[in-house]
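The values are calculated or read from the model by the stated rules, or taken from the named source; none is laboratory data. All values derive from a computational prediction rather than experimental measurement. With ideal geometry, Cβ positions are generated from the backbone for all residues, glycine too; neighbour counts draw on all protein chains shown. These area figures cover heavy atoms from the full protein model, side chains too; ligands, DNA and RNA do not enter into them. Shrake-Rupley method; radii C 1.70, N 1.55, O 1.52, S 1.80 Å.
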Amino acid sequence: MTKSIPRIGSRRAGRIIPKGVIHVQASFNNTIVTVTDVRGRVLSWSSAGTCGFKGTRRGTPFAAQTAAGNAIRTVVDRGMQRAEVMIKGPGLGRDAALRAIRRSGLLLSFVRDVTPMPHNGCRPPKKRRV
């Protein structure tokens, strides 16, 4: 008796998400853009590396712009209209990713900088001698 149980509800791709959160993590070497719903479940993600940039070109503003565009395109097709933006990290891709997000047509409720700041926590690594 191997009868398949019918699925209650729909698959993840079929769901319409009106509001989401866009997380941008911009390091010096790469930029990662993750789009989640308001509960934090990942809907789409992209990075400069997955967009085909290799080596030092991953840290460039153009790579960040491309990564943000790729991550947002899929959720805009699924019906997302409003979003919040959380930007983390000191990289060059911060402003470029934000510019690409603004150009995508989403209504941004707020843009927040969530870069972790130590209150003089760990001792930093010793300085590089080149």
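Cβ separations smaller than 9 Å between residues 6+ apart or across chains give the following pairs from region 74-93 residues that are more than 19 Å from PHE62 (Cα to Cα) and open to solvent by 30 Å² or more (accessible area, probe 1.4 Å) to residues that are part of a helix (DSSP H, G or I) and modelled with pLDDT under 95: ARG78/ALA13; ARG78/GLY14. Among residues of region 37-59 that are in contact (Cβ under 8 Å) with a residue 24 or more places away in the chain, those with a Cβ under 7 angstrom from a residue that is buried (at least 19 other Cβ atoms within 10 Å of the Cβ) and charged (D, E, K, R), sequence gap 6+ or separate chain, pair up as ALA48/ARG58. Just one of the listed residues (GLY89, GLY69) is closer than 24 Å to PRO118 by Cα and not polar (S, T, N, Q), namely GLY89. Screening region 104-124 for residues that are over 18 Å from MET86 (Cβ atoms) and free of Cβ contacts under 8 Å to residues at least 24 places away in the same chain and picking the one that is most open to solvent (accessible area, probe 1.4 Å) gives ARG123.
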